[in-house]
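Encoded as C-alpha cells, the structure appears first; notes follow it.
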Amino acid sequence: RSPTGMLSVVAGLLLAVAAGGRGSAAGGDQESPPGSRFVCTSLPLDAAGAGCPMPPVPMQGGALPPEEELKATVLQLRETVLQQKETIGSQREAIRELTGKLSRCESADGKSAAGTWKTELGKGKDTMGDLPRDPAQVIDQLSRTMQTLKDRLESLEHQLRANVSYAALPNDLREMLQRRLGDLERQLLSKVAELEDEKSLLHNETSAHRQKTETALNALLERVSELEKGNSAFKSPDEFKVSLPLRTNYLYGKIKKTLPELYAFTVCLWLRSSASPGIGTPFSYAVPGQANEIVLIEWGNNPIELLINDKVAQLPLFISDGKWHHICITWTTRDGMWEAFQDGEKLGTGENLAPWHPIKPGGVLILGQEQDTVGGRFDATQAFVGEMSQFNIWDRVLKAEDIMNIANCSTNMPGNIIPWVDNNVDVFGGATKWPVETCEERLLDL
C-alpha cells in the first residue's frame, strides 16, 4: 500500500480505540457484553467521522494482512486493561472489608477486639500471643514450666540409674568413664603425695626447731654451770681481756667452742690498738677447704675488711687510735647483707657479700691471727697488736637498739653461740689474760 493508505489505517485504529474508551467512560464500571467485537476498517483522512463499512475480505495465502495484525494487538491490549480493572475492583472490595473490620476492632474493648481479630482475620488461629500480659502471670507460668522440665529431667535420671547397668553402656561411654576415673585416681594420688611431702617438711622443720631449742638450752646450762663454779681468777667469768703486745706469728688466743652452720650472725667485741700500719687480724674462722670463712682484718694501708667465704667487703671503721672501741658486724646469707657498727653507731651497710652461702660448721676460731690453714700458718705481718675483750657471737642479726645498749653499757648480753667466758678462751705464745676495765671505764676512754 501507499503511505497515504497506511496513514488511513492508523487513523481508523485510533478512532476505534477512542470510541471504545468513550463507551467505557459512558458506562462507568460496566463492561461490554462478552460476545461483542469491534471491527475497524481503513478510512480516508477526510472521512474520519463517517461510519465503519463492512470488513474487507482476508487476503489469500494464509498470512494476515497488517490491518488484522493491528486489530489483534488492540484486542489483546483491551483485554489486559479489563483484567487490570477487575483486579483493582476486587482489591478495593478487600480494602473496604479490612477497613470495616479494623474500625470494629478499634471501637470494641480489649477482650472483644482480641476475639474479633482471632475469629475474623485469623480464622481461628491465635494471633494474640504477642499482646502484653501481666508480668506476674508470665513469671508464674515460666516457673511452672521450669519446674515441670526439672521434674521430667529428674525422672529420666532416676530411670537411667535404675534401668541401665554399667555393662549395658556403649563402649565409648565406658571408655570415657574409665578415663575419668583414671584421672580422678591420679589427682587423688597426687594430692596424697603433696600431703606426704608437707608432712615430711613439717616433721623436718619440727626436728630443726627441736634441735635449735636443745642447743640453746645446752648453751644456757653450760653458762649456768660456768657461773656456778665460781673458780675464775676474775670477779666475773667475763671480766677479762686478752693482751697481744707483739706482732709475731706465735701470739694468739683460741676459742675452745666451734661454730654451727650459720645463715646469719652478729660478732661484737671491744678493741684497743695503736699498731701501724693496720691493726692486723682481730679474729679469723677457718674450715677445711676454706681458710677465710670469716675474717676481720686491717692489713697494711688497706681499710679494715670483712671476708666471708673469701669474698671481701670494706668496712668504714677507724679503730687504730689507741682507745677502746666497741665493734659490731652483722651478716645474713640472704642477699649477702652486712652492717658495720662502731661505738653503737651504724657507719656502713652493704650487700652481695657471699650471698646465699651458709657459714660452714666445725672450724677453728682464732683471736689475733689470720689462718692460712685450719688452725695454723700464721703471718706476723697480719697479726693483731693490742687488747680485746667481750668477744661474743650470735646466730642472728641483732637489732640496732640492742647493739647500742651493749655499746653504752646499759645491758650485758652474752652471745648465744660463742659467749665471752674465761674457760672458753686459751692463750698461746706469750699472749696473756688480764682483768679488764669496767664497761664504764672503757666507755670513758672513747
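The values are calculated or read from the model by the stated rules, or taken from the named source; none is laboratory data. Just so it is clear, the model here is predicted, and its values are computed rather than measured. Cβ coordinates were reconstructed from backbone atoms using ideal geometry, including for glycine residues, and neighbour counts include every protein chain displayed. Just so you know, the surface numbers come from the protein's heavy atoms only, side chains and all, with ligands and any DNA or RNA stripped out. Shrake-Rupley method; radii C 1.70, N 1.55, O 1.52, S 1.80 Å.
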With a point put 7 Å past each Cα toward its Cβ, work out how far Thr258 is from Arg104 in nm, to one decimal. 11.7
How high is the FRET efficiency between Ser274 and His357 when r is their beta carbon distance and R₀ equals 41 Å, given to the nearest 0.05? 0.75
So if each residue of separation counts as 0.36 nm, and I subtract the Cα-Cα distance between Leu347 and Ala72, what length gain in nm does that give? 86.4 nm
Calculated FRET efficiency for the pair Asn408/Asp372, C-beta based, R₀ 30 Å, to 0.05: 0.20
Distance check, please: which entries in Lys212/Lys257; Lys311/Lys346; Lys212/Lys360; Lys256/Lys399; Lys191/Lys212 exceed 25 angstrom between their Cα atoms? Lys256/Lys399; Lys191/Lys212
Kirkwood hydrodynamic radius, the range 240-444, all distinct C-alpha pairs: what's the number in Å? 16.6
Heavy-atom accessible surface of the range 172-231: percent carbon and sulfur, 1.4 Å: 57
Ignoring ligands, DNA and RNA, what accessible area per residue does the range 172-231 give at 1.4 Å, in Å²? 91
Not counting ligands, DNA or RNA, and with a 1.4 Å probe, what is His209's accessible surface area in Å² rounded to the nearest 10? 120
Order Ser276, Ser90 by their accessible area, 1.4 angstrom probe, all chains in place, largest first. Ser276, Ser90
Computed ³J(HN,Hα) along the range 206-214: with the Karplus parameters 6.51/-1.76/1.60, θ = phi - 60°, integer Hz and x for glycine or proline, the list is 5, 5, 5, 5, 5, 5, 5, 5, 5
In whole percent, how big is the carbon plus sulfur part of the accessible area of the range 240-444, probe 1.4 Å, protein atoms only? 51
Once you put a point 7 Å from the Cα of Glu198 and another 7 Å from the Cα of Trp434, both along the Cβ direction, what distance in nm separates them? 6.3
Tell me the relative contact order for the range 240-444 as a rounded percent, counting alpha carbon contacts under 8 Å between residues six or more apart. 35
How large is the accessible surface of Thr248 in square angstrom, using a 1.4 angstrom probe and rounding to the nearest 10? 20
Report Phe341's accessible area, 1.4 Å probe, all protein chains in place, as a number in Å² to the nearest 10. 10
Report the label-to-label distance for Tyr250 and Glu93 in nanometres (one decimal), using points 7 Å from each Cα along the Cα→Cβ vector. 14.7
Averaged per residue, what accessible surface does the range 240-444 expose to a 1.4 Å probe, in Å²? 41
Cα-Cα pairs of the range 278-329 separated by more than 16 Å (percent): 40
